[in-house]
Amino acid sequence: MNVVLASAELARVKVLVDSLAADAGFAVRHCASSAREILFCCEMVNPCVLIVDHAFFREVDKGEFQRKAGYGRNIAALTVLTETGNGAMEELLRLGCMGFVDPCVTPACLQKAIRCVAGGEVWAGRRLISDLLRRCLSVSTPRLLTAREEEILSLMARGYRNREIARTLCITRETVRWHQRNLYSKMGVHDRASAAVIARKSPLEEETTLPAEVVLGVCV
């Protein structure tokens with residue numbers, strides 16, 4: 001199994017590097033270059049598991065990464081996250097990242113994560129996977145939203161604040177908030193920013209970005 005280690009966070013932890021090198025099933029290649037060079041290195045040995053820091057996705061051309069990674073079919077990316085938050089992880093999943101590990105990951109857990117994503121599964125927390133699936137299923141059912149909820153969601157997507165929504169629709173701000181609570185519950189989100197992102201996607205089915213053939217795994 002080819003593993004491209006391009007994470008400065010993990011490369012500093014000798015015991016992790018040694019544990020990968022000692023495993024007869026892993027062929028580890030180190031790459032500490034630019035995002036483009038890292039992708040080139042992966043292409044030379046794909047299919048492979050790529051271990052990168054979150055900063056890689058700020059530098060890489062996202063369209064190029066999606067084409068070359070193929071949602072894990074060619075490059076199964078494991079991201080070392082130094083920041084938490086389901087929003088950031090969900091964004092990376094939509095780009096084609098296949099999982100996440102903590103900078104303090106143990107050798108045994110890292111090896112398990114590598115084998116998981118190499119097998120086509122997603123290595124992520126149960127809560128993240130549950131929220132993502134619930135949201136995808138919710139937004140694919142248009143009948144869930146009432147006409148008023150659709151109006152409010154449309155205005156939210158255009159950047160209207162609650163006071164502006166209330167004035168536009170000739171309703172009270174408390175009524176706007178009441179409809180928003182219902183919207184969030186139906187859409188499986190917790191804030192207006194997430195709801196607005198979903199509303200801007202057309203058609204709704206585009207919200208389900210992960211390909212059907214990807215098996216969703218979870219950390220244990």
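Computed from the coordinates by the stated procedures, all read-outs in this text should not be read as laboratory data. What you see is a predicted model, and the numbers here were worked out from it, not measured in a lab. Virtual Cβ from ideal backbone geometry, glycine too; neighbours counted across all protein chains shown.
In this structure the amide hydrogen of Ala27, modeled in the peptide plane, comes within under 5 Å of the amide hydrogens of Asn2, Val3, none closer than 5 places in sequence on its chain.
Under a 5 Å amide H cut-off, with hydrogens placed 1.01 Å from N, Leu50 pairs with Val4, Ala76, Ala77, Leu78 among residues at least 5 apart or on other chains.
Projecting the Cα atoms of Cys97, Trp123, Leu145 onto the charge dipole of the chain (Cβ charges, centred on the Cα centre) puts Leu145 farthest toward the positive pole.
Considering the options Phe26, Ile38, Phe56, tell which one lies farthest towards the positive end of the dipole of the stretch 2-124, charges being +1 on Lys and Arg and -1 on Asp and Glu at the Cβ, about the Cα centre. Of Phe26, Ile38, Phe56, it is Phe26. Does the stretch 2-124 come out rounded, prolate or oblate, given a ≥ b ≥ c as the square roots of the eigenvalues of its C-alpha gyration tensor, rounded meaning a/c under 1.5 and, failing that, prolate meaning a/b above b/c? Verdict is rounded for the stretch 2-124.
For Glu121, the amide hydrogen comes within under 5 Å of no other amide hydrogen, counting only partners 5 or more places away or on other chains and with H modelled in the peptide plane. Note on the chain: helix-only mean residue ellipticity at 222 nm, from DSSP H runs of 4+ residues weighted -39500 (n - 2.57) and normalised by residue number, equals -15000 deg cm²/dmol. Segment Arg58..Arg181, full-extension length gain: 41.0 nm, with 0.36 nm per residue of separation and the alpha-carbon distance subtracted.
Highest first, please rank the peptides 92-102, 180-190 by the mean number of other Cβ atoms sitting within 10 Å of their residues.
Top of the packing list down: 92-102, 180-190.
Calculated translational diffusion coefficient of the chain (20 °C, 1.002 mPa s; Stokes-Einstein with Kirkwood radius over alpha-carbon pairs) equals 113 µm²/s.
Between the beta carbons of Leu133 and Lys14, assuming R0 = 45 Å, the FRET efficiency works out to 0.75 to the nearest 0.05.
Net charge dipole, the chain: roughly 740 debye, given to the nearest 20, about the Cα centre with Cβ charges of +1 for Lys and Arg and -1 for Asp and Glu. 3J(HN,Hα) along the stretch 167-182: 5, 5, 9, 6, 10, 7, 5, 5, 5, 4, 5, 5, 5, 5, 4, 5 Hz, from the Karplus curve 6.51 cos²θ - 1.76 cosθ + 1.60 with θ = phi - 60°, whole Hz, x for Gly and Pro.
Can you give the longest run of the chain that contains no GluC sites (Glu not before Pro) sitting in a DSSP loop with at most 11 other Cβ atoms inside 10 Å?
Numbers: sites that count: Glu83, Glu213.
That gives 84-212 as the longest site-free run.
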